[in-house]
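Structure first, then comments.
Nothing in this text is a laboratory measurement; each read-out follows from the coordinates by a stated rule. No experiment lies behind these values; they were computed from the predicted model shown. When we count neighbours, we look across all protein chains shown, and the Cβ atoms used for this are built from the backbone with ideal geometry, even at glycine.
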Amino acid sequence: MATKNQLKRRQHHVWKSYLRAWATDEKIFCLQDGKIFEPNIRGVAVERDFYKLQTLSTKEAEFIRLLIGSSPTLATPVHEDFLKMFSIFPLLKDNMPAHMASDAEFVALVDQAVTNAEEDFHSRIEGGMTAILDAIRRRDISFYNDAAQSGKFLHFLSLQSLRTKGVRERIVERVTALPDVDISKCWPILRHIFAVNAGASLFLERKKRPFFLIENDTSVPFITGDQPVINLLHSPNRIDAPTLLAFYYPVTPWLAVILDEVDERSGYGAGALSIDQVSKLNCEMQAAAFSQVFGHSREVLTSLRPRENTHDREVIVGG
C-alpha cells in the first residue's frame, strides 16, 4: 500500500515479483521491437498511471450494470462492489464540495486513491498468492485439492490473463460500436468482473479439468512475456473469441503449470517435456505477447523467430 500522499505513478501490468524468477540480480533479458536489452525488472511491463481511474458517465455505468446483470446471480454483489470501489474516487474528485476542495491534505488523499486504488487491489491479491506460487516452484500442487485455495488461485490466474496492457489495448481497439460508452474507462472494472466470472466457472469445473506441472529439463529455458497467462487452445487466427480454454503459466524458466480443457486436451501431460515441446510453448508465449518477451538468458531470446504484427492477438474474457 502507498504511504500518505504517495502516488505510485509507475504501475506494472505484469506482477514484478513473478518476473523475478527470470531475473539475475534484478536484471532480466527483454526482447522488444526486435532488440534484446537487459533492464531492471522495475522497468518492464510498466506504464505511467496504467491503473488510474476515470469518472464514468451515466451511460458507462449503465453499460457495466448491464454486464453485471448477465453475470451469475451469486456474483452480483461482488461486481456491484467493484463498480462502487473503482468509480467513487474519481466521482468524488470531479464533484468535490468547496469545503473539501480547500483541504489540501484531503485532496491529496483522493488523488492518491484515484491513482493507486486498483494497483493496491492487485497487490493484495498477489500477496495472497505468494505462498501458492512458492509451493508450485517446489513442485507441490497439493493446494489445488483444497477448495478455498484452488478458488483463490483460479481467480488469480484469470485476473493475470486480463490485467495486461495487451488485453486492454485489444479490447479498446475492437469494442467501438457502443454509443456514448468509452470502453477504456469501463475496462478497469470490467476486467475484475470477467476475472471473477471466469475464475468461478473454472472453479466449478476444477474436478474435470486436469491441473498439472510440466518440467523443463532441456537446454532451452521457458520464456515468459507481458501476457504471462496464455490459452493454448486459442482460435486458429488468434483473433476470434476462443471456444476452448487451456491456461499455460510458466512460473520459472524450468517449470510451468497447465490447467487443461475438460474434454479436448492441449496435447501436454504432467512431467518432463521434449525440447520440441519447450520450443513450441516458447513460440506460443512469444505470439501471445503484446510488445515484450522475457528470458533467463540472451541466447533463448536470440533463438526466437521474428513474428508478425503484435496487435492482432486473441483476447480472453470470462463470461
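The order of LEU159, LEU133, going from fewest to most other C-beta atoms within 10 Å of their C-beta, is LEU133, LEU159. Over the chain, Cα pairs under 8 Å with separation of 6+ residues give a relative contact order of 23 percent.
In segment 148-197, Rg over Rh equals 1.07, where Rg is the alpha-carbon radius of gyration and Rh the Kirkwood radius from pairwise Cα distances.
Matching the structure-derived volume of the Cα convex hull per residue in Å³ against the labelled list (i) 185; (ii) 160; (iii) 143 gives the label (iii). Note on the chain: antiparallel DSSP beta bridges, both residues inside, total approximately 95 percent of the bridges counted.
Cα-based count: Lys pairs in segment 10-302 below 19 Å, eight or more positions apart or different chains? Within segment 10-302, the lysine pair count is 16. Give the distance, in whole Å, between the Cα centre of segment 110-152 and the Cα centre of segment 220-289. Here the two parts' Cα centres lie 21 Å apart. I need the GluC sites (Glu not before Pro) found in segment 1-65, filtered to DSSP loop residues with at most 16 other beta carbons within 10 Å of theirs. Listed in order of number, the matching sites are GLU26.
Sorting PHE222, PHE82, PHE143 by the number of Cβ atoms found within 10 Å of their own Cβ, with the fewest placed first, yields PHE143, PHE82, PHE222. Under Stokes-Einstein, with the Kirkwood radius over Cα pairs as Rh, the value for segment 45-144 at 4 °C and 1.567 mPa s is 79 µm²/s.
The order of SER184, SER70, going from fewest to most other C-beta atoms within 10 Å of their C-beta, is SER70, SER184.
What angle do you read, to the nearest 10 degrees and between 0 and 90, between the alpha-carbon axis of helix 104-127 and the longest principal axis of the chain? For 104-127 against the chain, the angle is about 30 degrees.
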